[in-house]
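What follows is a set of notes on a single structure, which appears directly below.
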Amino acid sequence: QVQLVESGGGLVQPGGSLRLSCAASGSIFSIGTMGWYRQAPGKQRELGAIITGGGNTYYADSVKGRFTISRDNANKSVSLQMNSLKPEDTAVYYCNVVARVTISGGSSNYWGQGTQVTVSS
């Protein structure tokens with residue numbers, strides 16, 4: 001199985017920055033797309049940013065230009081640098097990884113437990 005451990009959430013003032021990190025561990029054969037999703041109170045979970053195995057990135061319009069996603073393949077980790085944070089960025093942020101655990105098996109989606117980001121003065 002694959003375990004994802006997130007870190008870096010917290011309380012920050014509007015205009016501030018936070019960096020989220022997510023490390024994957026377990027019996028992993030390969031990792032494909034990695035990403036960050038978020039869920040605000042009373043809303044559905046939405047995509048924040050993803051990065052493919054080849055390093056291509058995609059950002060939701062709401063975070064484009066402010067957030068930067070990156071990955072470290074050697075350490076099986078993905079990070080999200082969040083700058084110019086706004087109150088509307090307040091949400092639980094979830095790490096997502098598409099991974100294969102065996103050479104012959106298919107890919108599956110794995111989720112972290114979530115980390116709270118609160119942007120408030």
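How many percent of the accessible area of the chain is carbon or sulfur, using a 1.4 Å probe? Walk me through the intermediate numbers first.
Values: 2990 of 6230 Å².
The computed percentage sits at 48.
Express in whole angstrom the spacing between the alpha-carbon centres of the stretch 34-51 and the stretch 81-121.
Result: 7 Å between the Cα centres.
For the chain, what is the relative contact order in percent, using Cα pairs closer than 8 Å and at least 6 residues apart in sequence? Could the numbers behind the result be given before it?
Values: 300 pairs, mean separation 43.6, N = 121.
About 36 percent, as a whole number.
Averaged per residue, what accessible area in Å² does the chain show with a 1.4 Å probe, protein chains only? Kindly include the intermediate steps, with their values, before the conclusion.
Numbers: 6230 Å² over 121 residues.
Result: 52 Å² of accessible area for each residue.
The values are calculated or read from the model by the stated rules, or taken from the named source; none is laboratory data. Everything quoted here is computed from the prediction, not taken from an experiment. Surface areas here come from the heavy atoms of the whole protein model, side chains and all, with no ligands, DNA or RNA. Shrake-Rupley method; radii C 1.70, N 1.55, O 1.52, S 1.80 Å.
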